[in-house]
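What follows is a short report on a single structure.
The values are calculated or read from the model by the stated rules, or taken from the named source; none is laboratory data. Just so it is clear, the model here is predicted, and its values are computed rather than measured. For neighbour counting, all protein chains shown are included, and Cβ atoms are generated from backbone atoms with ideal geometry for every residue, glycine included. Just so you know, the surface numbers come from the protein's heavy atoms only, side chains and all, with ligands and any DNA or RNA stripped out. Shrake-Rupley method; radii C 1.70, N 1.55, O 1.52, S 1.80 Å.
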Amino acid sequence: MQVAETFDMDLPTNSLSLKGRARLDNCVTVLDAAELFWNLDSIKTLREHNQAASEEDDRNIAELLLDQIEFADVILLNKLDLVPDCKAQAAILATVKGLNPQAQVQFTTNCKVPLSDLLKTGNFSMEKAATSPGWLHSLRSSEPVTSESVEYGITSFVYRYLKIL
């Protein structure tokens, strides 16, 4: 289940729901450009990297990576400084654009990107997202739907501090 679906889910009335409380503006994925091809070829499971959501989670790294590329509005190809040459950069860009032709793709180093490229963009469209192959697969599947926050163990928090004078 894509993380965007949690913004459109109708939950029981006593549950906290994002629907009507928050708006998804942009779906951004950061990829390690230097390791992209190795990761796409990897059959290692998330469990082998201690990143599985549960003991039953048997997905491999490539499956998760493909899901993330397919669904992103913006893809940051990070660690450009570790990509050997322009030919390798072109191959990486062609692969990513082949998987998601609509995404805005940027090469970065240390994820340095103007915030205006990521925030208040209005890039995300629920109608477009609902036609992505991954989402359509989950809709047609007979398996129970699990939110991505549960599936991947995603949590959030707000950090605040008082500045003591």
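Numbers for the structure displayed
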| quantity | calculated |
| --- | --- |
| Scan of the stretch 15-56 for residues that are at pLDDT below 70 and under 19 Å from E70 (Cα atoms), ordered by number | L46 |
| Test: residue in the stretch 106-117 that is surrounded by 15 or more Cβ atoms within 10 Å (Cβ to Cβ), β-branched (V, I, T) and either modelled with pLDDT under 90 or farther than 14 Å from V28 by Cβ (or both) | no |
| Members of the stretch 83-99 that are closer than 21 Å to N26 by Cβ and open to solvent by 10 Å² or more (accessible area, probe 1.4 Å) | L93, K97, L99 |
| Residue in the stretch 65-82 that is within 18 Å of the chain's Cα centre (by Cα), at pLDDT below 85 and open to solvent by 30 Å² or more (accessible area, probe 1.4 Å) present | yes |
